[in-house]
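Asks: Dumping the structure here so I can ask a few things about it.
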Ligand SMILES: [Zn+2]
C-alpha cells in the first residue's frame, strides 16, 4: 500500500515538471514573436514614404520647379536642389531628383514634365460695330489677339455680311495659336441704311474714280488707269498698269529691302536684287522674245504681258538666282519665313498658280507693307493677294 502511494506521488511530480517546461517554451516563443512584431512596426514607421507624379503636365510659361512633382515625403529628405524650369517652349523634360531615406540610403527618381500650350488666345475686340450701308469697315482694325505662346496671331472673321446691305450681322472673331487652341468671340456688325444726301456727296467726291467691290467686299478703285483693291495697288493678269506708269523701285520698297538684306546678312546670308523695276517697253521686249521662243501659251505661264508685270509697279523685285533651284537655298528658306517682317510677300507661292495665274516663283517678292504681309504670311502657309482680296488673275 505504502509503495503504491510513492509511485503515484512520483508520477504526479513528473506531470507537473512537464507542464512547467511547456509553459516556459510557450512564454519564450511569445516573447520572440512579440519582439519580431515590435521591430517590424518600428522599422515600418521609419520606411520612406514618397509620392510623386510620374508625368507633370504644365502650360506654357507656367512657373514651376524641378521638385513640383513631389506630393509627399516622409522619413526621408530630398538631396536635389530646387531649380526653376524653363517653360517658354513646348517640349518634354526628363527630371531626376535624389532622396535619402531614414537609413541613409540614397535613391534617384525620375519623372517627365510635359510643357504644352493648353490655353487659347484671348481676343480683345468691340462687341458691336456700326457702319452705314456702302461704307466698308476694317473689322480687324482694333482687334488684339494675345496668347501665352507670344506668337503673332492674325484673327479671322467667320460669318457672312454685306456692307452694301443694311442689317444686323452676327459674326465671330476666330484666333488660333500654333497648338490649335482656338478662341471664338461673337460680335455684331450693324449696317444702317444709307442717307440719300450723303450718297450725293460721295458720288461727287468720286467723280474721277470708279468704285466697285470684290467678291470679299474690298473696294476696287481705279485712278488714272491704276487699280487699287482695299487700298493696295494690284497688277496681275486681270488688272494692268498704263504704259506710262512707273519709274524705278519706290523708296519704301528699296528701304525695306535694304533692311531685310541687312537682317539676312547677320545670318550670313546674301540677298541681292537681280531684277527690280521694269518699264512697260522693257517688258514688251522680254515678253515678245519669250513668245517667239516658247509660244504664247507657254510664255503666259511664266512671263507677264506688257502692262501686266508687277515689276512695272516699282513694288516687286526678283532676288538672287531666277531659277527653280533657288528654292532650296538657305536664302530662299529664310526669305519665306522672314520677308513679311519687312513688308514683303512671296507673291507666287507653290501650288497657287490657279489663283495667281503664275507658277511658283521662289525669287519674286512684292512689297505690301508689314500689316498685309503678316496676314498673307499666315504662319508660313502663304495666302495669295488674289485669294485674300477675292479677285481673279486671268487675261480677258
Ligand atoms: Zn519677278
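The values are calculated or read from the model by the stated rules, or taken from the named source; none is laboratory data. All figures in this text were calculated on a predicted structure; none of them were measured in a lab. With ideal geometry, Cβ positions are generated from the backbone for all residues, glycine too; neighbour counts draw on all protein chains shown.
Asks: Do we find a residue being more than 24 Å from residue 393 (Cα to Cα), in the same structural domain as residue 366 (by TED's automatic domain parsing) and within 16 Å of the ligand (Cβ to nearest atom) anywhere in the range 288-305?
Replies: no
Asks: Kindly establish whether residue 342 is touching a residue at least 60 places away in the same chain (Cβ under 8 Å) and either away from the ligand (no atom under 11 Å from the Cβ) or surrounded by fewer than 16 Cβ atoms within 10 Å (Cβ to Cβ) (or both).
Replies: yes
Asks: Considering 68, 101, 117, which residue is at pLDDT below 90 and surrounded by 13 or more Cβ atoms within 10 Å (Cβ to Cβ)?
Replies: Going through 68, 101, 117 in turn, just one is at pLDDT below 90 and surrounded by 13 or more Cβ atoms within 10 Å (Cβ to Cβ): 117.
Asks: Continuing with this model, one more query. Taking the options 316, 327, name whichever one is within 15 Å of the ligand (Cβ to nearest atom) and crowded, with 21+ Cβ neighbours inside 10 Å.
Replies: Of 316, 327, the one residue that is within 15 Å of the ligand (Cβ to nearest atom) and crowded, with 21+ Cβ neighbours inside 10 Å is 316.
Asks: Further, regarding this structure: Of the conditions (1) within 16 Å of the ligand (Cβ to nearest atom); (2) surrounded by 17 or more Cβ atoms within 10 Å (Cβ to Cβ), residue 264 fails just one. Which one is it?
Replies: Residue 264 satisfies every listed condition except (1).
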